[in-house]
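Below: the structure, in structure tokens.
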Amino acid sequence: MEGNCKGRKREPEGPLDCANLEFEYDDTDRVLAELAELYSYTEEPELRVNQKCFEEEFRTQVKETRWTSLDLPKQRAYIMRLLDELEVVSRDRRLLAARAILYLAQGVFGECDSDEDVIRWSRYNCFLLHRMGTFAAFLELLNMEIANSHACSSALRKPALSLADSTELRVVLSVMYLLVENIRQELKTDEPEWNSQRETFRAELAFPVHGEEPFAHLLLTMVTKFCSGHSPHFPMKKVLLLLWKVLLFTLGGFSELQRMKEQKRSQLDLPPLPEDSIQVMKNMKATSPPSYGIELGEQQKRGRRSRRDSLDLYNEKDPFKSEETPGPEDDETEDTENIMDTESDVQERDIIPQPLISLRNNADRVSFPRGLPWAPKVREKDIEHFLEMSRNKFIGFTLGHDTDTLVGLPRPIHESVKTLKQHKYVSIADIQIKKETELQQCPMSLGEEDVEETPCECLYRAMLFNIPQYVIALLKILLAAAPTSKAKTDSINILADILPEEMPITVLQSMKLGIDVNRHKEIIVKSVSAILLLMLKHLKLNHIYQFEYVSQHLVFANCIPLILKFFNQNVMSYICAKNSISALDFPSCVINELPELTAESLETGDNNQFCWRNLFSCINLLRILNKLTKWKHSRTMMLVVFKSAPILKRALKVRQAMMQLYVLRLLKPQTKYLGRQWRKSNMKTMSAIYQMVRHRINDDWAYGNDLDARPWDFQAEECTLRANIESFNSRRYEKNPGWDFAPVDNCLQSVVGQNLELPEDFHYTYELWLEREVFSKPIHWEELLQYS
């Protein structure tokens, strides 16, 4: 049963939330959707310009013939002529040739009758273009445009930038995007030579020759230059989309990650994974809120309570509402959400009438499947902690990290340890940390580490010393594109590559541009969230300290409050946003005749139940937040301090199992800090955590007892982690990693006899130096004698 997804006042008789969203989480959206999102609606006239450039050039070379009817040798010869044109001095001629090549990469839509034909010819042409060396030629053009100081200074002098300022860059980036997007996708109908060509292209992007940087690193430098203000004309949406697809192509998507993880566990002699997380989530069902009558009754009874826990009150406040005064509509929405958020107390069940109790029981029975979806896990640290407490209690002393000796402990403890070890899970990160500790302690005996040259390792080594700048730049763009951000004069302008030279005059043009701007921001959020998630997941698999290095810089750059700020909105409205005009999407806008657009048709939007890219972005951001905070008590406390509980609870209204699961994973470690009253008032949320989130045996998340949660340990935790990261980076990536173990000259004559270069004015200050450094400082002879 579908409900209305708009953020308007709900009717008591109507449904309380939208129906379950039929959303399948994947690496990318459909092919047509990904190609359409490359172009903004204001770029639509340029599609015909590309066609015109190609046809004029084509007629001069091949008389009265269509591209689709040419044989392969003639197609190759024509592409070679276009590539020769890219090397001429004239900038205008280069642009005309680049536009003609872009038209080929777009699928020669002027000769096609359907969307499928355009996709098929685009794919064929992209493989042919790459075989002829087109990507390398456009990489040179891209480097020329990045280094074009005249374009940068011209953009800096202009008060307002428009589409015209990034024309050459947009053409170059579009060709490169189409080549990457078409070649990276593997289809069953592909020719054998295409498969080998795909692997060659992947190696070119991931492992550049002659000491060059990986292509993804070049794109990251473009992002940094844009955010620093040196190159404000860069088309950031196209750069980010291309960066995302290059990472997806060279590093691998979610299924590739799962395969690599299983392979690495096998190499380390670890047991196979108990399940595939993505597949488990696909089979889970979303939780549903109780019916309206129960909530209203509970809200009325809850109003009679006067005593509330102080921390509960603290967490129910909205951290960002103080920035602006809510209007009448905001108050109305908040009241409705409060009604939905209020949950029953176990102690009040006898007050609720019997029919309501049976209704609730039926709802709970329908909501959750029988059995738990996840296999329980236990860490080595949990077993050690359990044995430490048991030994202190029964025999009065501990044995450190020994988890095998059970002498003196009663039989039930033996059974408990046996059960814990049955579910013990050793991660790849545990092995990597242990090995790194050994390498730091025994550098001479263990020798140099054999590091596998993977695409991820190559990329990390290239961007290592600029990671803080890259992280800050990506978060700046995410902040500027977030719907909750206010327009500021000093913020970066991410709309430079979408605004036309002439601003709209009519109401219809203004509405069209408004939809285009919102769509533009949504695509940027989608690409940035996917980039950050891919980098974190691959770095964690490659080496845990690489992941921790990027994670720590994300935390230092305020990524946690930024994501919470993003979710401090009506998430359901954001997911159901209608910021698309299907008639203007590529390739429909060039294949079919455009219908007459009216204000009513623009307001109505498409008939989709939700916006795929927005739900994809929300899940990605929640996954990033989970990765940053998992097993980090200091960062969990940041979630508590920033009052994330009410923000995350509102996100639970989205009826999609994967999104709800990641929200519940974020709420689970916070529950012990939110106070007893909060837990009593949110029993349905607690029940959902129990039903959907993986169980960690001996984890008392539902109570306030946590020995690891000492506030004075939080700062030390981050400092220790940072020290370990710096030691890892120094050992593996510094040019002279063995400087600590260089030979030392202990001979007194040779040391004293060395010629030291002293400053020219040293003889003037010599007496002062002696007085300050020698005579005024007491000499502790007894300490010196101890070492003699």
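Overview of values
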item	result
Failed item in (1) over 26 Å from Ala557 (Cβ atoms); (2) touching a residue at least 24 places away in the same chain (Cβ under 8 Å); (3) open to solvent by less than 60 Å² (accessible area, probe 1.4 Å); (4) of a type in the set (A, V, I, L, M, F, W, C), with Ala429 passing the rest	(1)
Lys632 vs. criteria in contact (Cβ under 8 Å) with a residue 40 or more places away in the chain, among the basic types (Lys, Arg) and either under 17 Å from Ile560 (Cβ atoms) or open to solvent by less than 20 Å² (accessible area, probe 1.4 Å) (or both)	yes
Residue within the range 199-217 that is assigned to a helix (DSSP H, G or I), over 23 Å from the mean Cα position of the chain (by Cα) and crowded, with 16+ Cβ neighbours inside 10 Å present	yes
Test set (1) over 30 Å from Glu438 (Cβ atoms); (2) modelled with pLDDT of 70 or more; (3) outside any loop (DSSP other than H, G, I, E, B) - Val751 fails condition number	(2)
Residue in the range 427-441 that is farther than 30 Å from Leu584 by Cβ, under 26 Å from the mean Cα position of the chain (by Cα) and outside any helix (DSSP H, G or I) present	yes
Filter pass, Leu420 being over 19 Å from Tyr549 (Cα atoms) and open to solvent by 60 Å² or more (accessible area, probe 1.4 Å)	no
Residue check, Glu782 over 26 Å from Ser551 (Cα atoms), assigned to a helix (DSSP H, G or I), charged (D, E, K, R) and modelled with pLDDT under 85	yes
Residue in the range 250-258 that is surrounded by fewer than 16 Cβ atoms within 10 Å (Cβ to Cβ) and over 21 Å from the mean Cα position of the chain (by Cα) present	no
Residues of the range 459-489 satisfying the condition of being open to solvent by 20 Å² or more (accessible area, probe 1.4 Å), of a type outside the set (A, V, I, L, M) and at pLDDT 85 or above	Arg461, Phe465, Asn466, Pro468, Gln469, Lys476, Pro483
Inter-residue pairs, beta-carbon under 8 Å, first at pLDDT 90 or above and in the range 398-415, second of a type in the set (Phe, Trp, Tyr), 6+ apart	Leu409/Phe394; Pro410/Phe394; Ile413/Phe394
Any pair with Cβ under 7 angstrom, 6 or more apart, that starts in the range 217-244 at a residue that is more than 18 Å from Ala164 (Cβ to Cβ) and ends at one that is basic (Lys, Arg) and surrounded by fewer than 24 Cβ atoms within 10 Å (Cβ to Cβ)	Cys227/Lys476
Criterion: touching a residue at least 12 places away in the same chain (Cβ under 8 Å) and open to solvent by less than 10 Å² (accessible area, probe 1.4 Å) - qualifying residue of Phe566, Phe586	Phe566
Top-ranked residue in the range 691-733 [being among the acidic types (Asp, Glu), assigned to a helix (DSSP H, G or I) and at pLDDT 80 or above; ranked as most open to solvent (accessible area, probe 1.4 Å)]	Glu726
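The values are calculated or read from the model by the stated rules, or taken from the named source; none is laboratory data. Here the structure is a predicted model, which means the values were calculated and not measured. Here the Cβ is made from the backbone with ideal geometry for all residues, glycine too, and neighbour counts use every protein chain on show. Side chains are part of the model used for accessible areas, which takes the heavy atoms of the whole protein and leaves out ligands, DNA and RNA. Shrake-Rupley method; radii C 1.70, N 1.55, O 1.52, S 1.80 Å.
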